[in-house]
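Quick note: the coordinates plus some simple rules give every number you see, no bench work behind them. Just so it is clear, the structure is predicted and the values come from calculations on it, not from any experiment. Positions of Cβ are backbone-derived with ideal geometry, glycine not excepted, and every protein chain shown enters the neighbour counts.
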Amino acid sequence: MKSVGQIQDILAEELWENIENARSAGSGLMYYNEFLGNTSFVLAKLLESLLVSGDYDWDIKKWIDDLLITKVRVNGNQLMLWAVVISGVDGVTEQWTQPVYFEAKFNNTSRHFDSYLIMYSDNDRIDLSYDEFIKNRDIWDRMSYSSDDWDVSERNWRYILKS
């Protein structure tokens, strides 16, 4: 099993190698996963590793499968991703969805993060089953924010993780 530091480095490398693909994809896509290589899977593993290893009220029977990246913004050496996390619980086949926001600042001289921020799960909304999410794919993003900016301060985030 990889350490949190190793996963962070893999994620930084994935984003560094694929960010131009996401920029060139433009806006308005439903999901950006295909433009960002293994970013979704690696970010899911980083989030899970941080929750398991940190002092959070995370049930160790929970697991994070992947995420669907719904918005990407790049501003200089700063990258922001909005996504939907797909998770489950050991022994149960049903999966659940929750929102996540990821923001990273890249080091100007290397392919590493200077810092990052992950905000995950909304305290004001129950987790939505994947079956319900399929029927209403805009529930965690376009329908949850007051504007197209998707201002993350509009959410009551359950977990806020910083490097």
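Couple of notes before you dig in:
Rundown of residues vs (1) surrounded by 22 or more Cβ atoms within 10 Å (Cβ to Cβ); (2) among the charged types (D, E, K, R), yes/no style:
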position	(1), (2)
Glu48	no, yes
Asp66	no, yes
Val72	yes, no
Gly76	no, no
Gly91	no, no
Gln98	yes, no
Tyr101	no, no
Phe113	no, no
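- Total residues in the stretch 75-101, condition assigned to a strand (DSSP E or B) and either out of contact with any Asp or Glu (no Cβ under 9 Å at 6 or more places or on another chain) or of a type in the set (Asp, Glu) (or both): 3
- Residue pairs whose Cβ atoms lie under 7 Å apart, sitting 6 or more positions apart in sequence or on different chains, and linking a residue in the stretch 1-13 that is surrounded by fewer than 16 Cβ atoms within 10 Å (Cβ to Cβ) to a partner that is among the polar types (S, T, N, Q), are Val4/Ser49; Val4/Ser53.
- Residue in the stretch 122-135 that is farther than 26 Å from Met30 by Cβ and of a type outside the set (S, T, N, Q) present: no
- Residues of the stretch 140-156 that are free of Cβ contacts under 8 Å to residues at least 40 places away in the same chain and surrounded by 15 or more Cβ atoms within 10 Å (Cβ to Cβ): Tyr145 alone.
- Qualifying residue in the stretch 108-123 (condition: among the small types (Gly, Ala, Ser) and under 19 Å from Ile10 (Cβ atoms)): yes
- Candidates are the residues of the stretch 50-64 that are closer than 18 Å to Met119 by Cβ and of a type in the set (Asp, Glu); the one that is surrounded by the most Cβ atoms within 10 Å (Cβ to Cβ) is Asp57.
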